[in-house]
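One structure below.
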Amino acid sequence: MSPVLPSLRLTDPAGLDARAVLAVARGELVLELGDDLIGWLDGRHARMLAALDVGDPVYGVTTGMGALSEVGLDQAARARHSEALLTARAAGGPPWLSPAETRAVLAVRLRTFLNGDAAVSAALCGRLAESIALDVLPAIPRRSTGAAGEIVGLAHLGAALTGAGDVLAGGPGAGTSPAGQALAEAGLVPLRLGPKEGVALIEGVPMTTALAVLAAEDAREVLRHALTVLAAEFAITGAARDVLDARLARGDDALARVTERLRDLAGPLSRPHALQPPVSFRASPQVLAHLDRAIDALDAATGRALRTVTDSPAFLDGEFVGSAGFYGYDLAVHLHALTVALIGVAELGTARLHRLMDPAVTGLNAQLSAEPGPQTGLTPVHKRAVGVAHELRRQAVPSVIGPVETSGGQEDAQAFSLEAAQACRVVLDGVTEVLACELLAVHQARRLAVGRPDAVRPAAGLRAELDALTEGLPASVADRPFGRDVETLRDRLSARQRHRCY
């Protein structure tokens, strides 16, 4: 029997913020609509229906869409138009978003509807909340398409609500099942969409917004682990702490936070091993500070996406107003900035890992080998990190570059924001793998230092963090299939994302 989850009763849109979206994604929270909010939504919906009766053409409601927007619809066509909009546009396929990502998309879609600009019914908003609570999750394609917005993926979402699409059959990789069957098993009937609800479902950027919320949180985990690993590398190598001096962070709050944390973790040093540590050590605080700033900037962009008008046409002050709220440029460029910042972390981590192989830097055995010559040590682990870092560079091309005309020229530009989100996800996974390689080298160095009075050892607080991360790894420094250790550490570092989010 599934546990009963806490329910967030929404009384206004602001209650469904990024933190609530994250809790919904993790399966920690379900949503319900407060009575006053339901009444407000239905009031706006009624005013929108009255405005439609005036008779002026309304894009995507009384007309076709895209290149067919000049085609007017008769009353019979209008009656089925909302659901007809979803049918052919559900043209995507696997891989699908994971259950957690899908819950996040549903939560963001609900939040943007609660803003009132789409003027959809409370029944549609309630069905989104029910889909989360009952785990009836639409199968939404992960891959970016050539649409100016997210029409293809969102058509899959909407089709599942009406029973015409597919839903996720279980956990990640479990496939799909017909939505009609899943709705019946959950005690729900297929939702009938009213006027304007079809176009509302496929407008905006809820997919990119949801994925950006999750990416920012995962990047915070990367930053936390990267600080631990870097502090350990400072400690093990006896690197001079000059670059961590608080006075060097004047005017840069992010750098001040990073260097303060590194000082606390690495601890004091009476005499450095060398006057100048390698540049990869000295530059790393700046790179991590930039990652901190990139996360904050993406948080701000997702906040804007949750609050701003993303529907088109939006119903504002009794009028239907066309917008470009579907064009996720703001999110795309900030996801790209985060991607580049993460690649910087991976590249400097790979460089520092190479330095750990050098006895002139660590004072330990060459290649961190138990017996240099007869045994290889961790050079192959460094080569694995090099391969990952090199692969990540391919994700550094901005998605917003290279629009292509579609829809007979009506859509002649795309932000490809979903592509930006996917690139960021690939890089988040890659930098975690590089950190796992570094952490294994730190573990090996600590084992090699046992019994050596001249070895520099991490401070007590840092030792506790490292012990928790490397618990269960072999104490032996002899050669073994080190890939198993890397995978253990990789799973441990990404446990929050993998087991609670993805």
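Considering only residues of region 444-471 that are within 29 Å of the chain's Cα centre (by Cα) and open to solvent by less than 30 Å² (accessible area, probe 1.4 Å), which is farthest from Leu262 (Cα to Cα)?
Among those that are within 29 Å of the chain's Cα centre (by Cα) and open to solvent by less than 30 Å² (accessible area, probe 1.4 Å), it is Thr470.
Let's see how each residue does on (1) in contact with a Lys or Arg (Cβ under 9 Å, 6 or more places away or on another chain); (2) open to solvent by 10 Å² or more (accessible area, probe 1.4 Å); (3) basic (Lys, Arg):
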{"residue": "Val229", "(1), (2), (3)": "yes, no, no"}
{"residue": "Glu233", "(1), (2), (3)": "yes, no, no"}
{"residue": "Arg247", "(1), (2), (3)": "no, yes, yes"}
{"residue": "Thr259", "(1), (2), (3)": "no, no, no"}
{"residue": "Ala301", "(1), (2), (3)": "no, no, no"}
{"residue": "Ala332", "(1), (2), (3)": "no, no, no"}
{"residue": "Leu342", "(1), (2), (3)": "no, no, no"}
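Taking into account only those residues within region 476-490 that are of a type in the set (A, V, I, L, M, F, W, C) and within 35 Å of the chain's Cα centre (by Cα), which is most open to solvent (accessible area, probe 1.4 Å)?
Per the criteria, the residue is Phe482.
Is it the case that some residue within region 392-399 is open to solvent by less than 40 Å² (accessible area, probe 1.4 Å), more than 22 Å from Ser284 (Cα to Cα) and in contact with an Asp or Glu (Cβ under 8 Å, 6 or more places away or on another chain)?
yes
Can we say Gly72 is free of Cβ contacts under 8 Å to residues at least 24 places away in the same chain, in contact with a strand residue (DSSP E or B) (Cβ under 7 Å, 6 or more places away or on another chain) and surrounded by fewer than 23 Cβ atoms within 10 Å (Cβ to Cβ)?
For Gly72, the condition - free of Cβ contacts under 8 Å to residues at least 24 places away in the same chain, in contact with a strand residue (DSSP E or B) (Cβ under 7 Å, 6 or more places away or on another chain) and surrounded by fewer than 23 Cβ atoms within 10 Å (Cβ to Cβ) - is met.
Among the numbered criteria (1) open to solvent by less than 20 Å² (accessible area, probe 1.4 Å); (2) more than 16 Å from the chain's Cα centre (by Cα), which single criterion is violated by Leu106?
Condition (2) is where Leu106 drops out.
For every residue, the table says whether it meets (1) among the charged types (D, E, K, R); (2) surrounded by 13 or more Cβ atoms within 10 Å (Cβ to Cβ); (3) more than 21 Å from Leu201 (Cβ to Cβ).
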{"position": "Leu8", "(1), (2), (3)": "no, yes, yes"}
{"position": "Asp12", "(1), (2), (3)": "yes, no, yes"}
{"position": "Arg19", "(1), (2), (3)": "yes, no, yes"}
{"position": "Asp36", "(1), (2), (3)": "yes, no, yes"}
{"position": "Ala46", "(1), (2), (3)": "no, no, no"}
{"position": "Glu83", "(1), (2), (3)": "yes, yes, no"}
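Go through (1) at negative phi; (2) in contact with a Lys or Arg (Cβ under 9 Å, 6 or more places away or on another chain) one by one and return the number of the condition Gln181 breaks.
(2) is the only condition that Gln181 fails.
Quick test for you: out of Ala215, Ala186, Ala164, pick the one residue that is open to solvent by less than 10 Å² (accessible area, probe 1.4 Å) and in contact (Cβ under 8 Å) with a residue 12 or more places away in the chain.
Unique residue meeting the criteria: Ala215.
Can you tell me which residue within region 400-433, out of those that are open to solvent by 40 Å² or more (accessible area, probe 1.4 Å) and among the aliphatic types (A, V, I, L, M), is farthest from Leu338 (Cα to Cα)?
Val404
Could you grab the pairs with beta carbons closer than 8 Å, sequence gap of 6+ or different chains, first residue in region 244-263 and among the basic types (Lys, Arg), second one surrounded by 12 or more Cβ atoms within 10 Å (Cβ to Cβ)?
Arg257/Ala289; Arg257/Asp292; Arg261/Leu227; Arg261/Ala231; Arg263/Arg241; Arg263/Leu244
Just to be sure before I move on: is Ile202 within 30 Å of the chain's Cα centre (by Cα) and not basic (Lys, Arg) in the structure I sent?
yes
Can you tell me which residues in region 408-452 are farther than 30 Å from Leu378 by Cβ and part of a helix (DSSP H, G or I)?
Hits for region 408-452 are Gly408, Gly409, Ser417, Leu418, Glu419, Ala420, Ala421, Gln422.
The values are calculated or read from the model by the stated rules, or taken from the named source; none is laboratory data. All values derive from a computational prediction rather than experimental measurement. When we count neighbours, we look across all protein chains shown, and the Cβ atoms used for this are built from the backbone with ideal geometry, even at glycine. The protein model used for the area step is the full one, side chains on, heavy atoms only, and it has no ligands, DNA or RNA in it. Shrake-Rupley method; radii C 1.70, N 1.55, O 1.52, S 1.80 Å.
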